[in-house]
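Report on the structure given below.
The values are calculated or read from the model by the stated rules, or taken from the named source; none is laboratory data. Not measured: the values here are computed from a predicted model. As a convention, Cβ positions derive from the backbone with ideal geometry for all residues, glycine included, and neighbour counts pool all protein chains shown. The area values use the complete protein model at the heavy-atom level, side chains included, leaving out ligands, DNA and RNA. Shrake-Rupley method; radii C 1.70, N 1.55, O 1.52, S 1.80 Å.
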Amino acid sequence: MREQELLVYRDFEDGELFYDMAWLMSHYADEDCGYEVMRSLFYECIHRLIELAGAYGFHGNLWHCYLANILVNNENSYSCGCEIRGEIEGTINEAALHDIVIFKEFYDFDFTPMMEKLKAPEYELLMDYKSSMLESKVYNTRICRRICELAENFCRDNTPEEMKATLTQFYREYGGGKFGLHKSFRVEKDDEGVHIVPILNIAHVKLDDLVGYELPKKKLVDNTEAFVAGRKANNCLLFGDAGTGKSSSIKAIANEYYDRGLRIIEVYKHQFKELNDVIGQIKKRNYRFIIYMDDLSFEEFETEYKYLKAVIEGGLERKPENVLIYATSNRRHLIRENYSDKEEIRQDMHIGDTVQEKLSLVYRFGVTIYFGAPDKKQFQTIVESLAERNNIDMPKDELLLEANRWELNHGGLSGRSAQQFIDYLLGRSEKAGN
């Protein structure tokens, strides 16, 4: 096998398995390599493929799924160039085809002689593996299905050129690497640096799930639509009362525009110092990124907002066109303001400067959207709508009476308390059903 001749596709995730299998394919018939060593390594590779199937939810031919997975996850000059845009021009196409020729040799390898030589018939279990839907710990069902389908599509490709075209089409539709497969991410830092890590269990909320708030949702959609389409768009601040759907709206945006190349990266206040590193990792990708800051606010003694100001607008390096900042907050001006800021008798001679310093951050958000708490009638409308969606069969008067009692003891009038009330009713009905 020619794994050492790869030009573009190298440094694979779970790559040790790839190179161990390549060694076995090349040497399993060699008498001087040690029969027991090779047989033991083959069984170890079978074990690792089964473990990967459990972690990723793969099914069918596990070797094919594994190869498809490392091709999809490998971030290189070809895969990154093709993501969202499709096939790119230049010599890189020849280099990529050179590698796909080698991968097709791996893909078409006949394991029957190896199974017979090493007396390992159990490998047949991997050729039509049935997985449990509960197995996947890394991919959700949607991602797992796409990779398994890609593995099956490769089987129908008769030539390396066809296999390359199939892979390129996958990059165009879904992207490559972690940004191609996942919608949302968080930031982690260790001794090796700053890492953008996928969030695996984002809520599948849609904007239609948020009852009411049509004008705020439209403003958010209009701004995001312009951003995804490559037009001018603004950083966006969603502010207002607690439990009114600000964070849910951001999650819905992530779900709504994923297929058009939008990705969400959640950043916490203590990570603002890492923002430049984060932007450095994403500014040359073909995706559109929203850096999302939930429940953003600052006390008088907190100065992290200065890092955010510099990143949004004011630093020497211009913020990339494929990056926007979206934040949610219960505070209109983000930073706590005191009456003392405007007192005439102060040690600070320039009172206006103090106030402007605190307002300068919010001014960097070109779009501000208000989410206000519903009044009683609006709250009841939300409850009725949620009850209907969840098939709760309950007289209207009784439903609203219980809802009113619930909100008095659970945070007041808000969409969140309405949803919590519906969850309570569903839990109660399930218990009664049992």
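Spin-label point model (7 Å from Cα, Cβ direction): what's the LEU7 to LEU215 distance in nm?
According to this spin-label approximation, the distance is 6.0 nm.
Just the accessible area for LEU324, please: 1.4 Å probe, Å², rounded to the nearest 10?
Here the accessible area works out near 10 Å².
Taking a quarter of the surface of the convex hull around the Cα atoms of the range 122-172, what do you get in nm²?
On the way: hull surface 18.9 nm².
Projected area, direction-averaged: 4.7 nm².
With all pairs of different alpha carbon atoms counted, what Kirkwood hydrodynamic radius in Å does the range 91-237 show?
After inverting the mean inverse Cα-Cα distance, the result is 20.0 Å.
How far, in nm, would the chain grow between GLU321 and ARG186 when pulled straight, counting 0.36 nm per residue and subtracting the alpha carbon separation?
Numbers: separation 135, 0.36 × 135 = 48.60 nm, distance 2.06 nm.
Going from the current span to full extension adds 46.5 nm.
Residue by residue through the range 7-20, what is 3J(HN,Hα) from phi via Karplus (6.51 cos²θ - 1.76 cosθ + 1.60, θ = phi - 60°)? Round to whole Hz and write x for glycine and proline.
Running phi through 6.51 cos²θ - 1.76 cosθ + 1.60 with θ = phi - 60° gives 9, 9, 8, 9, 6, 7, 5, 6, x, 4, 4, 4, 6, 5 Hz.
Counting Lys and Arg as +1 and Asp and Glu as -1, each charge on the Cβ, what is the dipole of the chain about the Cα centre in debye, to the nearest 20? Intermediate values should be presented prior to the final figure.
Values: 55 positive and 74 negative charges, 403 e Å.
With Lys and Arg at +1 and Asp and Glu at -1, about 1940 debye.
Could you list which residues have their amide H under 5 Å from that of ILE265, counting only those 5 or more apart in sequence or on another chain, with H placed in the peptide plane?
Those qualifying (amide H under 5 Å, at least 5 residues apart or on another chain) are PHE185, ILE290, ILE291, TYR292.
Note down the accessible area of VAL221, probe 1.4 Å, to the nearest 10 Å².
Spelled out: VAL221, probe radius 1.4 Å, area about 40 Å².
Tell me which residues come under 5 Å, amide H to amide H, from LEU210 once H is placed; ignore anything under 5 positions away on its chain.
none
Once you order the gyration tensor axes a ≥ b ≥ c over the Cα atoms, which shape class does the range 147-218 get: rounded for a/c under 1.5, otherwise prolate or oblate by comparing a/b with b/c? Present the calculation step by step, with values, prior to reporting the outcome.
On the way: a/c = 3.22, a/b = 1.49, b/c = 2.16.
Oblate is the answer for the range 147-218, as a/c is 1.5 or above yet b/c matches or exceeds a/b.
Could you work out how far apart the two model spin labels at GLU161 and ALA229 are, taking each label as a point 7 Å from the Cα in the direction of the beta carbon, and quote it in nm?
Placing both labels 7 Å along Cα→Cβ, they lie 3.9 nm apart.
Can you give the accessible area of ASP20 in Å² (nearest 10), computed on protein heavy atoms with a 1.4 Å probe?
We get 40 Å² for ASP20.
Return the subset of LYS104/LYS164; LYS251/LYS319; LYS206/LYS246; LYS251/LYS396; LYS183/LYS306 for which the Cα-Cα distance in this structure is over 19 Å, preserving the input order.
Values: LYS104/LYS164 10 Å; LYS251/LYS319 23 Å; LYS206/LYS246 13 Å; LYS251/LYS396 31 Å; LYS183/LYS306 28 Å.
Table pairs above 19 Å Cα-Cα are LYS251/LYS319; LYS251/LYS396; LYS183/LYS306.
Determine the shape class of the range 90-176: with a ≥ b ≥ c the square roots of the Cα gyration tensor eigenvalues, call it rounded for a/c under 1.5, and otherwise prolate if a/b is greater than b/c, oblate otherwise.
Details: a/c = 2.75, a/b = 1.20, b/c = 2.29.
Oblate is the answer for the range 90-176, as a/c is 1.5 or above yet b/c matches or exceeds a/b.
Order the following by accessible area, largest value first: TYR363, TYR287, TYR129. Probe radius 1.4 Å; ligands, DNA and RNA are ignored.
Values: TYR363 140, TYR287 0, TYR129 40 Å².
Ranking TYR363, TYR287, TYR129 by accessible area, largest first, yields TYR363, TYR129, TYR287.
With equal scatterers on the alpha carbons only and no solvent term, can you work out the Debye log10 of I(q)/I(0) for the range 178-272 at 0.13, 0.14, 0.15, 0.24 1/Å?
-0.51, -0.59, -0.67, -1.39
With every protein chain kept in the model, how would you rank TYR258, TYR268 by accessible area, 1.4 Å probe, largest at the top? Before the final figure, lay out each step's value.
Numbers: TYR258 10, TYR268 105 Å².
The most accessible residue leads, giving TYR268, TYR258.
Using θ = phi - 60° and the Karplus form 6.51 cos²θ - 1.76 cosθ + 1.60, what ³J(HN,Hα) does each residue of the range 230-241 get, whole Hz, x for Gly and Pro?
Each residue of the range 230-241 in turn: x, 8, 5, 8, 10, 4, 10, 10, 9, 10, x, 5 Hz.
Could you give the alpha-carbon Rg of the chain over 2.2 N^0.38 Å, rounded to two decimals?
Working: Rg = 27.2 Å, N = 434, 2.2 N^0.38 = 22.1 Å.
It is 1.23.
Select from PRO395, PRO160, PRO121 the residue whose mean-square fluctuation is largest in a Gaussian network model of the chain (Cα-Cα springs shorter than 10 Å).
PRO395
Of the candidates ARG364, ARG39, ARG142, which one comes out as most mobile in a Gaussian network treatment of the chain with C-alpha springs shorter than 10 Å?
Of the options given, ARG142 has the highest mean-square fluctuation.
Taking 7 Å along the Cα-to-C-beta vector as the label spot, tell me the LEU426-SER132 distance in nanometres, rounded to one decimal.
Roughly 2.5 nm, to one decimal.
Do the sum for the chain: with -39,500 (n - 2.57) for every DSSP H run of n ≥ 4, divided by all residues, what is the mean residue ellipticity at 222 nm, to the nearest 500 deg cm²/dmol?
-15000 deg cm²/dmol
State whether the range 77-140 is rounded, prolate or oblate according to the following rule on the C-alpha gyration tensor (a ≥ b ≥ c being the square roots of its eigenvalues): a/c under 1.5 gives rounded; otherwise a/b larger than b/c gives prolate, and the remaining case gives oblate. Provide the component values of the computation, followed by the final result.
Values: a/c = 4.77, a/b = 1.53, b/c = 3.12.
Since a/c reaches 1.5 but b/c is at least a/b, the shape of the range 77-140 is classed as oblate.
Taking amide H atoms as placed 1.01 Å from N in the peptide plane, list the residues 5 or more away in sequence, or in a different chain, whose amide H sits under 5 Å from that of PHE371.
For PHE371, whose amide H was placed from the backbone, the distant partners under 5 Å are PHE239, GLY240, ASP241.
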